[in-house]
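What follows is a structure written as structure tokens; I'll ask about it next.
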Amino acid sequence: MDISSKRLITRSVREAAQALLAGQLVAIPTETVYGLAADATNPKAVASVFALKGRPADHPLIVHCSSAAQAWQCVQVVTPAARRLADAFWPGPLTLVLPRSAAISPAITGGQASVAIRVPDHPLTCQLLAEIERPLVAPSANLFGRVSPTNAAHVQDEFPDTPLLILDGGPCDVGIESTIVDCRSDASVRILRPGKITQQHLIEELGAGCLEAAAGTPVRVSGALPAHYAPQAQVILLAASELGSWCESHARAALPTLLITTAPPPREIPAGINWYSVSTDTSQFAREMYALFRRADRESCQRIVVELPSVEGIGLALRDRLQRAAK
Ligand code: TXA
Ligand code: MG
């Protein structure tokens, strides 16, 4: 099928399934962010994901499955911790790292002996995975190192010159990428990338004893590179208490800026600064954050000044993404 002559945004799961089975890439909605999907069993299709994203070959891809049963075929052993977490949180925004089975090519895992797997929770993608009866690799559908897309238009903006079929599932509910948990060892389960599923959620399932601090990861996680999730504008993070003096000292510097805070800044907003009010509810902020980054770039803002979100719930993961974007 030549998709260059067709409508590129579709709501048809059948059309997306046919394209994937023909070895093409399709952008798919998930509850976290949009993914750039390819048939995980087709080496050429997997290679074209790396090529289109500009992603180095040693940065592994997440394998998306229709069920835990399908996910377990991708791994050599299912540790009790992995089973508990899958029972509790799949389908959902949790990715598990386990030793890969022979069913998963090392090209997917960046040559590593482990594979990252997840069962996503979006109605269209669940239907799609059930229909094609094979796993899909899907990194976030953005150029390497840039901001993840949270709606179909973002994906189109990211790849304007590529005839890429996009399965439009509306805006993503979570808005930032899944939590990644290394559960190869029951004795030391480790969060490699924070997300909506928090350390507290994991402790409730596994007990505190087996959770290790996130530092010193022996596996490569591209989202863990210091500079990642970055808009073109410079990102500056400020505590709420610093906003007043920031506005005062920047009153005369006319750099176009997007200011994102939960309450009106205590001082008059200087000229050239667009103020956007976000919810104190961190889940709501997460839904909007990447769209705000994109808006700042579209409006040629040179700076995005963001009030540090609270650490409640998904807030810790928001801080993680903001801090990486600020590097
Ligand atoms: O929410 C998400 O996880 C989204 C949606 C589309 O599912 N996907 C996503 O994929 O964020 P990507 O490729 O942008 O980020 C995948 C992360 C990277 O940080 C990668 O290094 C890590 O998963 N990863 C993949 N395989 C791994 C492995 N075997 N061991 C450790 N980390 C791995
Ligand atoms: Mg990504």
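Determine the share of the chain's accessible area contributed by carbon and sulfur atoms, expressed in whole percent, with a 1.4 angstrom probe.
Roughly 51 percent, rounded to a whole number.
Taking 0.36 nm per intervening residue step and subtracting the Cα-Cα distance, what contour gain separates Ile236 from Ser277 on full extension?
13.1 nm
Please build a GNM for the chain, connecting alpha carbons under 10 Å apart, and tell me which residue among Thr162, Thr95, Thr280 fluctuates the most.
Highest fluctuation among the options: Thr162.
Next question. Beyond 29 Å, how much of the Cα-Cα pair distribution for the chain remains, as a whole percent?
Roughly 38 percent, once rounded to a whole number.
Sequence gap of 8 or more, or different chains, plus Cα separation below 25 Å: how many lysine pairs satisfy both in the chain?
Lysine pairs meeting both conditions in the chain amount to 6.
Rank-order 130-138, 43-51 by packing density, defined as the average count of other C-beta atoms within 10 Å over each peptide's residues, highest first.
Averaged packing, sorted descending, gives the order 130-138, 43-51.
List the residues whose amide H sits under 5 Å from the amide H of Ile260, counting only those 5 or more places along or on another chain, with H placed 1.01 Å from N in the peptide plane.
Answer set, sorted by chain and number: Tyr276, Val305, Val306, Glu307.
Now for a separate question. How much accessible surface area, in Å² rounded to 10, belongs to the heavy atoms of Arg14 with a 1.4 Å probe?
Its heavy atoms expose roughly 140 Å² to the probe.
Apply the a/c threshold of 1.5 to the C-alpha gyration tensor of the range 1-125 and tell me whether it is rounded, prolate or oblate.
oblate
Relative to the longest principal axis of the C-alpha atoms of the chain, give the angle of the C-alpha long axis of helix 315-325, reported between 0 and 90° and rounded to the nearest 10°.
Roughly 80 degrees between the two axes.
Something else about it: If you consider only alpha-carbon coordinates, what radius of gyration and Dmax does the range 13-73 have, in Å?
11.9, 32
Now, a different point. Per residue, how big is the convex hull of the range 234-326 when only Cα atoms are used? Give it in Å³.
Given the Cα convex hull of the range 234-326, per-residue volume reads 79 Å³.
Right, here's the next one. Each residue of the range 293-301 in order: what ³J(HN,Hα) in whole Hz does its phi give by Karplus 6.51 cos²θ - 1.76 cosθ + 1.60, θ = phi - 60°, with x for Gly and Pro?
4, 5, 4, 4, 5, 4, 8, 6, 5
Mind checking the per residue accessible area of the chain for me, 1.4 Å probe, whole number of Å²?
41 Å²
Using helices alone, what [θ] at 222 nm do you get for the chain, with -39,500 (n - 2.57) per DSSP H run of 4 or more residues, divided over all residues and rounded to the nearest 500?
Dividing the helical sum by the residues of the chain leaves -8500 deg cm²/dmol.
In the range 230-279, what GluC sites (Glu not before Pro) fall in a loop by DSSP, with at most 14 other Cβ atoms inside 10 Å?
Taking the range 230-279 and a limit of 14 other Cβ atoms within 10 Å, the loop GluC sites (Glu not before Pro) found are Glu268.
Only Cα pairs within less than 10 Å get springs; with that Gaussian network setup on the chain, which residue of Trp246, Trp72, Trp275 has the largest fluctuation?
Largest GNM mean-square fluctuation: Trp246.
Using Cα-Cα distances under 8 Å and only pairs 6 or more residues apart, what relative contact order does the range 8-211 have, in percent?
After rounding, I find 31 percent.
Could you give each residue of the range 266-271 its phi-based ³J(HN,Hα) in whole Hz, using Karplus coefficients 6.51, -1.76, 1.60 with θ = phi - 60°, and x for Gly or Pro?
x, 9, 4, 7, x, 4
Here is a follow-up. Can you pull the accessible area of Arg184 for me, 1.4 Å probe, Å² to the nearest 10?
It works out to around 90 Å².
Rounded to whole Å and sorted largest first, what semi-axes of the equivalent ellipsoid does the C-alpha gyration tensor of the range 69-128 yield via the square root of 5 times each eigenvalue?
Ellipsoid semi-axes (Å, largest first): 20, 15, 9.
The values are calculated or read from the model by the stated rules, or taken from the named source; none is laboratory data. Fair warning: this is a prediction, and the values are worked out from it, not measured in the lab. Cβ coordinates were reconstructed from backbone atoms using ideal geometry, including for glycine residues, and neighbour counts include every protein chain displayed. Just so you know, the surface numbers come from the protein's heavy atoms only, side chains and all, with ligands and any DNA or RNA stripped out. Shrake-Rupley method; radii C 1.70, N 1.55, O 1.52, S 1.80 Å.
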